[in-house]
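Asks: One structure, pasted below without further comment.
The values are calculated or read from the model by the stated rules, or taken from the named source; none is laboratory data. Here the structure is a predicted model, which is why all the values come from computation and not from measurement. A quick note on method: Cβ atoms are made from the backbone with ideal geometry, for glycine too, and the neighbour counts reach across all protein chains shown.
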Amino acid sequence: MIDVQHCILLKLTTLNSKLPPNLRYSFVQLLDKSSVCLTLRLKRTTLNMLGETYHTSLHPDNEFVYFFVSRGQKGEILKAVLFQQYKVKNKFNLAFGDVQNGKLSDEAVSNNNDFVKVLSTVAKCAYDFLERNPGIILHIQPVDDRRKLLYNAIFRRHFEALTEQFEIWGRKNRRREPFQTQKDYDSFELIQRR
């Protein structure tokens, strides 16, 4: 939190251009009885969880699809992150994978030696989607046991940073509960805190 004197001294129009791209700040206006103070809140999830990411592009005709290109030992591989709406209005599934023959293959294993960067990029897309669509429940369903173990490990490792921005729920045997780091789950749900 920055006090009122620092708020006045900051040139907010140039602040973001001086920061590395993986640091995002949001500006929050707080009304007080006698004054308005502009404060900065660090998006710690972005800072702590996201490492190096690929450049992403939003599909020009579909705000639920992001694209990026994985670059590694097997060359360039087009990837997509798709947010699929459930019948419930505010619930979406996150799917990602290689684009093969114009379709998303979420079971593909490309082994392009950029695994961490790919997952960081998918997380960046999810974060952006939730920022642009407040109130959304984002469901993450691993497609196999290997990915299920991986996603459980990721949520455990980044639990503290994630819970600053999101409510995290785990599902096991169709039962939904607040995520607990000592348990393994079959799927996950994220809801951005307001």
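Conditions tested, residue by residue: (1) farther than 26 Å from Gln180 by Cα; (2) at pLDDT 95 or above; (3) surrounded by 19 or more Cβ atoms within 10 Å (Cβ to Cβ); (4) assigned by TED's automatic domain parsing to the domain that holds Pro178.
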{"site": "Phe83", "(1), (2), (3), (4)": "no, yes, yes, yes"}
{"site": "Val99", "(1), (2), (3), (4)": "yes, no, no, yes"}
{"site": "Pro134", "(1), (2), (3), (4)": "no, no, no, yes"}
{"site": "Leu150", "(1), (2), (3), (4)": "no, no, no, yes"}
{"site": "Ile154", "(1), (2), (3), (4)": "no, no, no, yes"}
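Asks: Which residue out of Asn62, Asn101 is more than 20 Å from the chain's Cα centre (by Cα) and free of Cβ contacts under 8 Å to residues at least 60 places away in the same chain?
Replies: It is Asn101.
Asks: Can you list residue pairs whose Cβ atoms sit under 8 Å apart, with the first residue in segment 148-164 being over 18 Å from Gln192 (Cβ atoms) and the second being charged (D, E, K, R) and buried (at least 16 other Cβ atoms within 10 Å of the Cβ)? Count only pairs 6 or more apart in sequence or on different chains.
Replies: Here the result reads Lys148/Asp186, each pair linking segment 148-164 to a residue that is charged (D, E, K, R) and buried (at least 16 other Cβ atoms within 10 Å of the Cβ).
Here is a yes/no grid of residues against (1) modelled with pLDDT of 95 or more; (2) surrounded by fewer than 17 Cβ atoms within 10 Å (Cβ to Cβ); (3) over 28 Å from Glu76 (Cβ atoms):
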site: Ala108; (1), (2), (3): no, yes, no
site: Glu160; (1), (2), (3): no, yes, yes
site: Arg171; (1), (2), (3): yes, no, yes
site: Arg175; (1), (2), (3): yes, yes, yes
site: Ser187; (1), (2), (3): yes, no, yes
